[in-house]
Amino acid sequence: MSERTGPGADWSEERGASDEGRRRSEGGMRRWAGPRERAEDTVSTPPFRYEGYHIDPGRGLLTCRYSVGEYRFTEQVTVPAEPGGWDREEVRQAARLVFLLAGVSYYKTAAPPVIDLGDTAVTDTEREFLRSFYLDGLAEFGYRNGLDLSGLRIEGPSRSGSAPGAAPPAGPGRPLVPFGGGIDSIVTAEMIRERAGPALFIVSRPGDRFDAIERPAAVTGLPILRAEREIDPQLLRSRDLGFLNGHVPVTGIISAIAVLAAALDGRDAVVMSNEWSASIPTLEVNGSPVNHQYSKSGTFEAAFRGVLAGSLGPDFAYFSALRPFSELWVARRFAALTQYHDTFRSCNRAFHIDTSRRLDHWCGRCDKCCFIDLILAPFLAAADLERIFGGHEPLADSDMTGASPASTGDDGSLADKFRSLLGTTPTSKPFECVGEVGECRAAALLAAQRPDRAGTKLLQVLAAELDGLPQLSTPAELLRPLGRHFIPDIYAPDDLLV
Ligand code: SF4
């Protein structure tokens, strides 16, 4: 599931990252310098405060409250469940974690140097996790706003890390799969159903559903657990209210809500769909990683597992089923799942908060579509991709064919978007949920060798531009398990059990 502005997030959380900050960072690339006006007085900005949370079991409603200076924020999460379910200790612990992680969306409005937890006590492990969630999860936000958040202090009461005695009631084999309607979560749902009876988990705004999720979810035929998330409407007016704005680690927030829903439903695992390359930073600034996909990374997964073990007990599993696999491996699996090819969507605009501006088709004009097309191209026929993209297949774009990289500089051209994915242009990888350069190069070379791609001029030009460049990983390496993971054997695909 991508760290996109997908399920549970809202567009406004992305927009408005200050052009001034962007100009600073691009002008003074790689240097945190000269925060903009509002940011400059963050030192005197009052602390961001956790005001508290309230559970209304009858309505299945968790209300979270925060403040910074004169601003008060309220976020509401509704998870339908048996009222008695909310009394269980692991559910109350899960609700507390939602409260702790959801705060990041409101902290960013002013990004003060101090966070005050109020009466909410945390263990040392939780405090350390929370600080990293803020610093690494908001690294892109800080970079694009020209802010240095490294001095952040989290103040507030401590508690001992005692794990509750009783393990969740249900035995192994009752996993919950957060579902975003894209390639990754579709592959996970199909992998896990081979091993256990999963249910899908879908988050949306109250009274709203995303076709981009509902259509592929219907194709799975799996049961669905739902939650509704209502962010504070002030966030939708960030620009008017002079709030700082930018990307937040929304997959982290969704993960916590999924854990709450799983605990309420007596489930023993939340299975994410975060692939190997999500751990690779988008760029480095003074040696520090800035990762658009931080809360999809292996670092976040390991740290959040530590926090869950301390609050929900050792038997509750949180892991990504795709952690050891490249996007190339995922794309090859997805290519075989033909039943989803006409319903899956990997588009941010399909989740626009304003339904009239929600995109209901592929337009093939941004980094995301370029990546999806490129990574599927080795495994799907050109004609199938042309059909899937409704005649807007990015690789079929001809307007930049044959142009040398140096002469373009026009960020509207798809050729340049492909080049930033392939790392053949000075501009860094887009702040988007896309694979890393090695995966993209392997996909371009594999796809260019397909007989039905001999006439795809743009692809042939891009592949030729890779001549003489180091092949970072071979297709064979990228189609084998890579790196560390936490997938329990009962859920592991054959590739991991050999
Ligand atoms: S190119 Fe269009 S359809 Fe594709 S992800 Fe971007 S906005 Fe969505």
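The values are calculated or read from the model by the stated rules, or taken from the named source; none is laboratory data. Here the structure is a predicted model, which is why all the values come from computation and not from measurement. In this analysis, Cβ positions are derived from the backbone assuming ideal geometry, glycine residues included, and neighbour counts consider all displayed protein chains. Please note that ligands, DNA and RNA were not included when accessible areas were found on the heavy atoms of the full protein model with its side chains. Shrake-Rupley method; radii C 1.70, N 1.55, O 1.52, S 1.80 Å.
Some observations on this one:
- Annotation note: of 70, 90, 126, 75, the sole residue that is of a type in the set (Asp, Glu), farther than 16 Å from residue 157 by Cβ and crowded, with 23+ Cβ neighbours inside 10 Å is 90.
- Residue that is nearest to the ligand (Cβ to nearest atom) [pool: residues in the range 350-367 that are assigned to a helix (DSSP H, G or I) and open to solvent by 20 Å² or more (accessible area, probe 1.4 Å)]: 367
- The residue list 88, 65, 92 contains one member that is under 23 Å from residue 178 (Cα atoms), modelled with pLDDT of 95 or more and among the basic types (Lys, Arg), which is 92.
- Of 175, 206, all but one fail to be touching a residue at least 60 places away in the same chain (Cβ under 8 Å) and either of a type in the set (Phe, Trp, Tyr) or in contact with a helix residue (DSSP H, G or I) (Cβ under 9 Å, 6 or more places away or on another chain) (or both); the exception is 175.
- One residue alone among 341, 292 is modelled with pLDDT of 90 or more, in the same structural domain as residue 147 (by TED's automatic domain parsing) and touching a helix residue (DSSP H, G or I) at 6+ places or on another chain (Cβ under 6 Å), and that residue is 292.
- Condition check for residue 278: crowded, with 23+ Cβ neighbours inside 10 Å and at pLDDT 95 or above: yes
- Where a residue in the range 365-378 is at negative phi and touching a residue at least 40 places away in the same chain (Cβ under 8 Å) and its partner, wherever it lies, is near the ligand (Cβ under 8 Å from one of its atoms) and in a loop (DSSP other than H, G, I, E, B), with Cβ under 7 Å and at least six apart: 368/346; 368/347; 372/346
- Test result for residue 184, of a type in the set (Asp, Glu) and not in a loop (DSSP other than H, G, I, E, B): yes
- Under the condition of being touching a strand residue (DSSP E or B) at 6+ places or on another chain (Cβ under 8 Å) and open to solvent by 10 Å² or more (accessible area, probe 1.4 Å), the residues counted in the range 93-109 number 1.
- Considering 267, 305, the condition of being touching a residue at least 40 places away in the same chain (Cβ under 8 Å) and open to solvent by 40 Å² or more (accessible area, probe 1.4 Å) is satisfied by 305 alone.
- Of all the criteria given as (1) farther than 16 Å from residue 258 by Cα; (2) in a strand (DSSP E or B); (3) among the aliphatic types (A, V, I, L, M), the one not satisfied by residue 196 is (2).
- Applying the set (1) closer than 21 Å to residue 428 by Cβ; (2) open to solvent by 10 Å² or more (accessible area, probe 1.4 Å); (3) out of contact with any Leu (no Cβ under 9 Å at 6 or more places or on another chain) to residue 285 leaves exactly one unmet item: (2).
- Hey, residue 118 assigned to a loop (DSSP other than H, G, I, E, B) and without any contact (Cβ under 8 Å) to a residue 60 or more places away in the chain or not: no
- In the range 239-251, the condition of being touching a strand residue (DSSP E or B) at 6+ places or on another chain (Cβ under 6 Å) and open to solvent by less than 10 Å² (accessible area, probe 1.4 Å) is met by no residue.
- Screening residue 372 against (1) open to solvent by less than 30 Å² (accessible area, probe 1.4 Å); (2) more than 8 Å from the ligand (Cβ to nearest atom) leaves a single unmet condition, (2).
- The set of residues from the range 332-349 being under 27 Å from residue 207 (Cβ atoms) and away from the ligand (no atom under 16 Å from the Cβ) comprises just one member, 340.
- Leading residue by the ranking (most open to solvent (accessible area, probe 1.4 Å)) among those in the range 181-197 that are at negative phi and touching a Lys or Arg at 6+ places or on another chain (Cβ under 8 Å): 197
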